[in-house]
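To start, the structure under review is shown below, and the notes come after it.
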Amino acid sequence: MNTKKLEIADYPALKRFFSNTPYRLSIYSLPSLIAWSNCVFEARYAVDGNLLVIANESDVRPEDRHLILPLSLSDEVLPETLHDIAVNIGFRSYWCVPGEYVEGHRQGLESFFALEEQKEFEDYVYLSEDLANLKGNRYVRKRNLIHQFEREYMNNGIRVHVEPITAESVPECLAFLEKWCEQRDCDVDEDIDLACERRAVITSLESFEALELKGIQIRVDGAVNAFGIAARLNDEMGILNYEKAFPDVKGLYQFLDHECARQLFAGYRYINKESDMSLPNLARMKRSYHPVFRVKSYKLTLK
């Protein structure tokens with residue numbers, strides 16, 4: 001089975017494999033796989049009948065090359081099939097195997113693989129209505145910050161506009177991203193998380209329509225000061241891939257998050273905000289929005 005590099009041009013042909021994915025980890029999103037395929041790992045794929053096999057190769061970390069669960073147009077992929085694929089194409093491990101799959105096939109998996117939890121890749125999942133409404137005492141601080149932002153920027157004339165991201169507005173979003181990155185030193189090391197994320201955001205913005213993404217941008221006094229980008233995972237869950245806001249504008253991030261929940265996730269029961277990559281500050285922020293559950297991630301290594 002020969003693999004080829006996953007490109008933006010592959011999106012139309014491959015999206016059928018993702019339309020009804022049973023997996024609730026955010027990596028099982030075709031726009032995400034494409035966007036993040038230009039940094040530490042390069043995503044490659046092969047189609048074998050009704051099966052899509054995806055591999056992540058790395059020149060930077062060759063010891064971490066891995067597969068993710070194949071996606072099937074027909075039957076669920078069973079542990080013995082995972083074993084055969086890995087052996088046939090020369091891989092030792094699968095990463096980002098959802099906890100639900102592991103619990104449903106634990107006995108079969110343990111016949112072929114050693115199982116290990118990947119805490120850094122567990123996704124945070126929220127009820128859309130919780131983040132769209134922010135009701136109750138647990139969200140009082142979020143509401144207060146939003147009210148402070150509104151008092152400062154919205155009660156004394158129309159200084160704030162919330163708009164959908166369009167192809168025409170992408171250059172302004174890219175310019176804002178560069179300013180945001182200057183404040184965060186995104187390019188200190190091209191292999192660190194912020195640098196990789198910057199490249200993923202650029203790919204997503206430059207291919208916004210091709211990847212069927214949705215997004216909003218927030219203008220303050222005419223200039224883009226924040227944006228959020230989302231993608232579909234399945235019929236009940238969307239992914240909030242990126243949220244960027246100038247940190248010196250008090251309440252702007254909370255206002256952005258609230259608007260993303262209201263405008264980008266209508267019709268979805270759940271919002272997946274991806275993992276915290278074991279970064280303490282990011283973990284605290286994600287917990288502060290009170291997820292209703294986490295999606296566990298496992299590594300499977302051939303015995």
Residue among Cys181, Cys173 that alone is touching a helix residue (DSSP H, G or I) at 6+ places or on another chain (Cβ under 9 Å), at pLDDT 95 or above and within 14 Å of Lys244 (Cβ to Cβ): Cys173
Test: residue in region 78-90 that is open to solvent by less than 10 Å² (accessible area, probe 1.4 Å), in contact with a Phe, Trp or Tyr (Cβ under 7 Å, 6 or more places away or on another chain) and closer than 18 Å to Phe121 by Cα: no
Candidate set from region 194-219 (those that are open to solvent by 10 Å² or more (accessible area, probe 1.4 Å) and in a strand (DSSP E or B)); member that is farthest from Tyr126 (Cα to Cα): Arg219
Residue satisfying condition, being open to solvent by 50 Å² or more (accessible area, probe 1.4 Å) and outside any loop (DSSP other than H, G, I, E, B), within set Lys244, Lys299: Lys299
Given (1) touching a Leu at 6+ places or on another chain (Cβ under 8 Å); (2) open to solvent by 10 Å² or more (accessible area, probe 1.4 Å); (3) in a helix (DSSP H, G or I), index of the condition Tyr23 fails: (3)
Some residue of region 37-52 being in contact (Cβ under 8 Å) with a residue 60 or more places away in the chain, among the charged types (D, E, K, R) and open to solvent by 40 Å² or more (accessible area, probe 1.4 Å): no
Where a residue in region 195-215 is within 12 Å of Leu177 (Cβ to Cβ) and its partner, wherever it lies, is acidic (Asp, Glu) and open to solvent by 40 Å² or more (accessible area, probe 1.4 Å), with Cβ under 8 Å and at least six apart: Arg198/Asp187
Failed item, numbered, when Leu115 is tested on (1) assigned to a helix (DSSP H, G or I); (2) more than 23 Å from the chain's Cα centre (by Cα); (3) touching a residue at least 60 places away in the same chain (Cβ under 8 Å); (4) within 30 Å of Leu82 (Cβ to Cβ): (1)
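The values are calculated or read from the model by the stated rules, or taken from the named source; none is laboratory data. Remember, predicted model here, so these are calculated numbers, not experimental data. Here the Cβ is made from the backbone with ideal geometry for all residues, glycine too, and neighbour counts use every protein chain on show. All accessible areas refer to the heavy atoms of the entire protein, side chains included, with ligands and DNA or RNA removed. Shrake-Rupley method; radii C 1.70, N 1.55, O 1.52, S 1.80 Å.
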